[in-house]
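The values are calculated or read from the model by the stated rules, or taken from the named source; none is laboratory data. Being a predicted model, the structure only gives us computed values, none of them experimental. Virtual Cβ from ideal backbone geometry, glycine too; neighbours counted across all protein chains shown.
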Amino acid sequence: RPHDQLVLVDHFDLGKTTAGCERRRRLEHNLSIIGLKKANLSIYEAFSVPALFELACKDESEFQLVYIDASHRSDDALLDAELAWRMMPKDAIMIFDDYALSSATEIQYPRTGIDAFLQVHAEELVVLEKQYQVVVQRTARSRRGFEICHVPKMDSAYPCKTSMEVVFIADDNYRIPLAVALHSLMDTNAGHIGKVYLVDMGISSATWSKLQAIVPAKVQLVHVPDQPEVTSKLPSTCNRALPGNVSKLSWAKLALPSLLPDCSRVLYLDCDILVLQSLERIWDPPEFGNKPIAAVRDFGFPFGPESLQLHRNAFHRQHPHKYFNAGVMLLDLDSIRITNMDALMLRFSQSTKVEFLEQDVLNLHFPDWTDLEYKFNVQGLGSYAAHRSIYKHSGFQSPLSPEVLAELCSSPAIVHFTGGNSLPGDTRMWEILQPSYPTKPWMFFCEHPWRNRFMQVLDQTPFSGWRPDWKREAVHSGCPTIHT
């Protein structure tokens, strides 16, 4: 049924053993086969006792079917059953596995614990089957045994949610920032992440091997090859010069619903980021509801570029309208799939007035999006974020006060190295938004306040020791083409 929930509890050996990681892989494979939506699934990657106790402390926790097949110890089977029993209403079913196992050491097998449970609750249940499995049905009303309103509030180490799934899009030119982004993500969030998808738009086998070395065994790094039959339909237009393959990589974000067909929700991250704090709060933000995107407002263009207003007028969109940055986005892919983006992308593919590529398309198509805290995408530090004068021409106020900006600069969750790659003397469009030095930390002349931290993280990756070459930048002043 649409609103039914499946709750799974397994510690997966805390991701420290090959067997535990394989058990997690088989579980996710089996779930993908049955087509269960992520919205109907919660996984507690935890030991059963604290997980079941936390569930029992939630008023809405009530289960019509409980299947116990974990530790074979009799005392563990008894304790799991007792905790689960308190959340089962009348007529609910409980199934015990491995009842027929036996040993001279009875505590090592579940039979003694199951028999003890049946004896204690004999007046509250009827036995439907008792062979290798024991199946019982509850005949009495549920009894939780305590008042939920009197349960002390605790900071849970076992949140009832699915593991985060993250996606990057990259080619070999971006292997240095991608390595830093991936390492910083694992360093701060590996315990909360199940999968990292990497959409391959031209990554060499040597780079792939180095990226695999960054990801711990309990996190699955999933290779997603480019699908020309999908990406060839994307717009390719842009009204400003961009280095290398940047335009193709940017437009590829619009193909994620097709490139990740079995994924319901994913956290998209640009490669030019540095993760410094836990991202758990991003995965289930307040008021996300059924909105397709949760993101952070753009610091440089809080209402979007002027060119976007032409498209907004054509599509009868309200003006002014807030505008998000597409470098960090929580995407509800199920919601996005049911919208018709084809006509919109066709219109953009025929237009030359596209300032920020896929970011303009997404803002135009999804004007109703959820705000994430500013700290989850801190943009333009050391450059345009502090230049409040850039808003004067539009008549709008900066969304960031000096006090807020100072706090974001000192304690960001995600640093996003936005801005141009221009060199001193370059007078392209970015002169409005930043001083005449590049903001990408892999550039020799970069003076971003978090550049040193970027290099420190880089030296913890297989690309340790790499540094930019100012002579190459004098010729190739945009794309991070890396020679190692």
Of (1) out of contact with any Ser or Thr (no Cβ under 9 Å at 6 or more places or on another chain); (2) touching a residue at least 40 places away in the same chain (Cβ under 8 Å), ASP69 satisfies all except one. Which?
(2)
Just to verify a result, which residue in the range 250-275, among those that are buried (at least 22 other Cβ atoms within 10 Å of the Cβ) and among the acidic types (Asp, Glu), is nearest to HIS448 (Cα to Cα)?
ASP272
Matching strands (runs of 3 or more DSSP E) fully within the range 40-135 where at least 1 residues are surrounded by 15 or more Cβ atoms within 10 Å (Cβ to Cβ) and at pLDDT below 90
41-44
